[in-house]
1. How charged is the neighbourhood of Val117? Take every other residue with its Cβ under 13 Å from the Cβ of Val117, and add Lys/Arg as +1 and Asp/Glu as -1.
2. Tell me the net charge near Asp232. Cut-off is 14 Å between Cβ atoms, Asp232 excluded, with +1 for each Lys or Arg and -1 for each Asp or Glu.
3. Leaving out same-chain residues fewer than 8 places away, which lysines sit with a Cα under 28 Å from that of Lys70?
4. For Tyr134, what accessible surface area do you get with a 1.4 Å probe? Give it in Å², rounded to 10.
5. Given R₀ = 22 Å, FRET efficiency for Tyr134-Glu234 by Cβ-Cβ distance, to 0.05?
6. Roll a 1.4 Å probe over the protein chains and send me the accessible area per residue for segment 1-120 in Å².
7. Quick one: P(r) of segment 148-261 from all Cα-Cα pairs, 5 Å bins, percents rounded to integers, in order of increasing distance.
8. Considering only protein heavy atoms, what is the solvent-accessible area of Phe107 at a probe of 1.4 Å, reported in Å² to the nearest 10?
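The values are calculated or read from the model by the stated rules, or taken from the named source; none is laboratory data. Keep in mind it's a predicted model, so treat the numbers as computed, not measured. Every residue, glycine among them, receives a Cβ derived from its backbone with ideal geometry; neighbour counts consider all protein chains shown. Remember, those area values only see protein heavy atoms, side chains included, never the ligands or the DNA or RNA. Shrake-Rupley method; radii C 1.70, N 1.55, O 1.52, S 1.80 Å.
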Amino acid sequence: MRQNNLMEAILGELSATRFNKIEHVSEIGSTNSDLVLKASELPDGFILISDHQTDGRGRFGRQWVAPPFKNLLFSVLLHPNWQMERNQLVTPALALATVEVLESLGFRATVKWPNDVVVEREGEKKIAGILAEYVQQEKPALVVGMGLNIEWPQEEDSAPPNSTSLKACEIEKDRWEMLVEILKNFEKRLVEISSEKGSITFRQAYIARSSTIGNQVKVEKSDGKIVGVAIDVEEDGSLVIENENGITLITAGDVIHLRKS
Ligand code: BTN
């Protein structure tokens, strides 16, 4: 399909959602960085997708590396219409949306807190990562980007440890179809987190797909680490850890699953 027709077809599929404009580029530094720069000019629901990133960015200043054409690399711009404290739920919402697409393909996937999409394949392997950036401006914006491993890495590839791809999991699905299905689910979850009642439904669905809750975990935070049992996720998305010192709420950090408790 010619490029313009393909983009039109994607927007047609997404006509019932807020995702209403799409730009596809063959190469870019980072789709997130680009949308952050243009956040004041672009409408809510703008999608930027690239075949390749030369400076892909991950959480905590890490890099996000993938060969050209092999992964789904996109960011969306949102002008939030929910309360500020719900911004923390946006990346879990995208993770959950992705897990649901994988489930519809017959594959069990879960969310590792806060928003890594993982699958069970000789241990827990990461298949997608999400980075959200808040843009403070007159009309505040959120840029939410996802890297979903479609055809890379496979077993023989040198790649970040504990990562996998749809292809390595024997799922043949093209990145455009994945994009459409993920964004349809994401829309549904964004509607949920914008209301009090919907947030309750969202939290239940998130907890049901969490591979973190019920685990003995180590959480590495900017100000130190904590070990304990992950017992719950609060309404604002914070992780609840219980250990000999009591209860601690975590808003940001890297979680390592130690064992099921
Ligand atoms: C992580 O797990 O550390 C988050 C990775 C997020 C990667 C995606 S790829 C598309 C978008 N653009 C970026 O530079 N990063 C995100």
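1. So the surrounding residues net to +1.
2. Charge balance near Asp232 sits at -3.
3. Within the straight-line cut-off, Lys70 pairs with Lys21, Lys38, Lys112, Lys125, Lys126, Lys167, Lys173, Lys184, Lys188.
4. Near enough 90 Å² of accessible area.
5. It comes out at approximately 0.70.
6. I get 44 Å² per residue for segment 1-120.
7. The distribution over segment 148-261 is 2, 10, 14, 15, 15, 18, 17, 7, 2, 0, given as percents.
8. Accessible area, nearest 10 Å²: 40 Å².
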